[in-house]
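Where a number appears in this text, it was derived from the coordinates with a stated rule and is not lab data. This is a predicted model, so every value here is computed, not measured. Cβ coordinates were reconstructed from backbone atoms using ideal geometry, including for glycine residues, and neighbour counts include every protein chain displayed.
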Amino acid sequence: MTWGIQMKRLVAVVLCAVIFLPLTGSIHNDSINYRAQWTLADDSGMVWLDAGYTMDIPHQSSPLWLDQQQPWYERSAYDKNNNHIHDSIERSKVPVGMGISYLNEVDQTNLNDLANLGIEVVDVLESINSVLIGIHEASVAETIAGLKDVVMVHHYGTVVFYGDIQTPNVKARNSSIYPDAAWNFGVTGKGVNIAMVDTGVDNEHPGLVGKFVAGYDAVCYLHTDPTCVAAGLGARQTDGSYDPDDGNQHGTACIGMSSATGIDADGSQSEFYGSAPDSSLVDVRIGTDAGAGPFENYILEQEFYESAMNGIQWIIDNKDTAWAGVDESLHGIDIISLSWGITSHEGGGSDGSDMHSMILDAAMEEGVVVSVAAGNDGPSNDGLSGMGSSDLSITVGATDDGNTITRDDDTIASYSSRGPRRDNADGNPLNELKPEITAPGTNIIQAEGCVTSGGCNNFLGGDASSNTYTSRGSGTSYATPSVSGILALMIEANPDLSPFEMKEILKFTAERKGEATQPDVDPYWNRDFGWGLVDAYEAVKLSIELRNQNLTGQIDVHNQVHIESVTIDNQSGLTVYNGIAWNQVGSVNSVEYRINGGNWMSVAFEETNGSLGALERFSWSIALDTDKLPSGNNTLEFRGMSDDGQSLPVIVMVAGAGESSGHTESWFERFHLDFIFIALFTIVGLLLWFGRTNNPETLTLDSNESIDKVLKDDVDIASVVDAELLEGT
């Protein structure tokens, strides 16, 4: 064999190696050629991190408003001249209804000070250190403001009521369009008490029979109510034993939307369910025997304001009461449903420092969750009312579902009041993000009360036992009780949820609608829809998840972790999860993930320049090789940790191809095929190199012979591997 031939063979082997060796990388998806921008995060090959990201979480600054020391009464929008009197009182030329807020709990000294001025206290509101004193000349306000411990003299507002498809639309009851619904979890509101604070309820209605647990007539409790006094009724029971009737229809309609069973007058089952058909009723009436409000010519409007305050205080006082004659599971009060508001005497609506907003805040802090209507003032409203402006309550706007179950075509109702709430000057922009949530409130079928229609009238001794579901109504009044019913489903699913956890779950699971109105404050809130259209199925599902993971009571509702996108990286074949995180009042200490309940691991973070300001978000990312996940559905979970707990968990299901059963592969297991290929290639090369020891045959061609003849005659042609063709002479 000549040296030249050996060199040719060597070159051929090397060229083959150059051509085929890269193909060994195609055997495994984790080829560095395809995943150069990714870093393997674990030994299983399932999780990858963006090589351009860091494992160091960005530094976050605390909001300046946390250092706000100025009390509410020194920055109230109702008192611009800061003299502790509502400005509208000072402008009034006629007597006005007044309330007084004190620095501390109201004591006998405070009551004596008022008595010395000839002022009789109508009601003491212990929850907010306040009293109601009825109508007085406006000029007396200055004297009252000078009394010991008085921090604000309030002007009564005016109470205004706002007012089939709804229940499946919110995904409480299942439908052909939304087969996954909250009732599928086996929850219907059983054992949960909703306090309907309204015009009274005719619970003799076939769809409401058996729901009454306790009741209270807040109007006739107040001895000054002219209607009750004229009727010779006086004060009624405060122990919950009194059962108020509906004098208007509004209250019966509202409780039907949260709690009706759908049973009709003939005993048949209709489709008009409330969102929590097994929830129970605490009937708190703030109307009168003569009607329901100012539009019913209520004789003294200010007493309606007083009755509303008194009714809510009664609820707080009885939140744990063991009602007579009912099972222990029905003791107390779980939910307040309010489908009305308080008008403001100041332009721009309430900033949350009115007495009604404050007492709703107190109810939330006492453990009673509040669902309240945003109002019916439409897109050009100058602010929300003195109920929907409560800092802590769940304020509900209304959508128009187009009389269809599908949610894709739902729009904001033309009448629904828009946010934000009036600024309360505390430096925290989050307080003004109202409403929180929306629900269908347009053209809703109502449970019929025993009023002046249909030949049924409570005043003439009738009742609603023969009534049905009739007419349609619209308003945030009717959106609110649907949300109250969903809260009842959540409480049945997880009785230990706090009001603030429930509020955050509703916001977190809502179906996003519309673009962010104030993206620098929150990336999801919209002035029309709030955080979106309520989703009963997802809300109950997450409530159950918190219960099952023993996370109830451990949620930091200010800690925010959200997935922004899920994409397939075409080059690497990885499924990429990109998200954002932030803490509304502090810092996120970590953002972590786990697969199928395994160990928690850190995601990777996009690098930032310097410290992030208050409410600034940072980006995080991980990527999955789904071929490495076990076959079938896999649970991928994310959370953010802070000093005060963890965020609500973000849980997604990921389909795995099953190449890996989830065990950790050894170094040899991941690369053995590559070694086998290289070994085979080496053997073939050696065979080519040493497979022939003889020198190549010399093929001589005479110029007079054809090459075909020579080849035909050559008996040794079978042994020819290499040949040199030499020109004959």
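Tabulated values for the structure
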| read-out | value |
| --- | --- |
| Of K148/K434; K93/K503; K319/K541; K190/K503; K211/K541; K513/K541, pairs whose Cα-Cα distance is over 32 Å | K148/K434; K93/K503 |
| Cβ crowding within 10 Å averaged over residues, with 203-210, 648-655, 625-632, 370-377 ranked highest first | 370-377, 203-210, 625-632, 648-655 |
| Charge sum, other residues only, whose C-beta stays under 14 Å from W183's C-beta, Lys/Arg counted +1 and Asp/Glu -1 | -2 |
| Local electrostatic count at Y242 - Lys and Arg +1, Asp and Glu -1, tallied over other residues with Cβ under 11 Å | -3 |
| Convex hull per residue volume in Å³, alpha carbons only, for the range 75-155 | 81 Å³ |
| S590-N184 FRET efficiency (beta carbon distance; Förster radius 35 Å; 0.05 resolution) | 0.55 |
| Relative packing of 317-324, 465-472, 422-429, which averages over residues the other C-beta atoms within 10 Å, highest first | 422-429, 465-472, 317-324 |
| Neighbourhood net charge (11 Å Cβ-Cβ; Lys/Arg +1, Asp/Glu -1) for D400 | -3 |
| Projected label distance in nm at A425 and L103, using a 7 Å step from Cα toward the beta-carbon | 1.9 nm |
| Binned Cα-Cα distances of the range 133-201, short to long, each 5 Å bin given as a whole percent | 3, 11, 12, 11, 10, 9, 9, 6, 6, 8, 9, 5, 2, 0 |
| Computed over the range 425-500, Cα set: Rg, Dmax in Å | 18.3, 55 |
| Calculated from backbone phi, Karplus (6.51, -1.76, 1.60) coupling profile of the range 347-364 in Hz, x at Gly/Pro | x, x, x, 8, 9, x, 9, 6, 5, 5, 4, 5, 6, 6, 4, 5, 4, 4 |
| Sorted peptide list for 248-260, 494-506, 129-141, 476-488, criterion being average Cβ within 10 angstrom, highest first | 476-488, 248-260, 494-506, 129-141 |
| Translational D in µm²/s for the range 550-646 (Stokes-Einstein at 20 °C, 1.002 mPa s, Kirkwood Rh from C-alpha pairs) | 146 µm²/s |
| Estimated translational D of the range 374-445 in µm²/s (Stokes, Kirkwood radius over Cα pairs; 4 °C; 1.567 mPa s) | 101 µm²/s |
